[in-house]
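Read through the structure below, which is laid out as structure tokens, and then see the notes.
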Amino acid sequence: MLSTLITSDPEEQKVVEHLSHVYRLCEPYLVEPHQLTVIGRSDARVPLPTAAEA
């Protein structure tokens with residue numbers, strides 16, 4: 001669906017940037033529980049992105 005809506009390189013860059021932000025927001029919520037439950041690490045922590053990375 002996205003390929004039919006994106007018609008230029010700047011639009012594609014905006015979508016990629018948006019998906020990257022969504023990934024960075026979701027990562028701690030997915031990786032930390034996985035480390036705690038599946039891997040069994042009690043000291044599991046996912047580093048949060050810095051302001052420069054956001």
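The values are calculated or read from the model by the stated rules, or taken from the named source; none is laboratory data. Note that the coordinates shown come from a computational prediction; the quantities given were computed from them, not determined experimentally. Every residue, glycine as well, gets a Cβ built from its backbone with ideal geometry; the counts of neighbours run over all protein chains shown. Side chains included, ligands, DNA and RNA excluded: accessible areas come from the protein's heavy atoms. Shrake-Rupley method; radii C 1.70, N 1.55, O 1.52, S 1.80 Å.
Here PRO49 meets the list (1) modelled with pLDDT of 90 or more; (2) surrounded by 11 or more Cβ atoms within 10 Å (Cβ to Cβ) almost entirely, failing just condition (1). For region 1-21, name all the residues that are open to solvent by 90 Å² or more (accessible area, probe 1.4 Å) and more than 21 Å from the chain's Cα centre (by Cα). Once the filter is applied, which keeps residues that are open to solvent by 90 Å² or more (accessible area, probe 1.4 Å) and more than 21 Å from the chain's Cα centre (by Cα), region 1-21 yields THR4, LEU5, THR7, ASP9.
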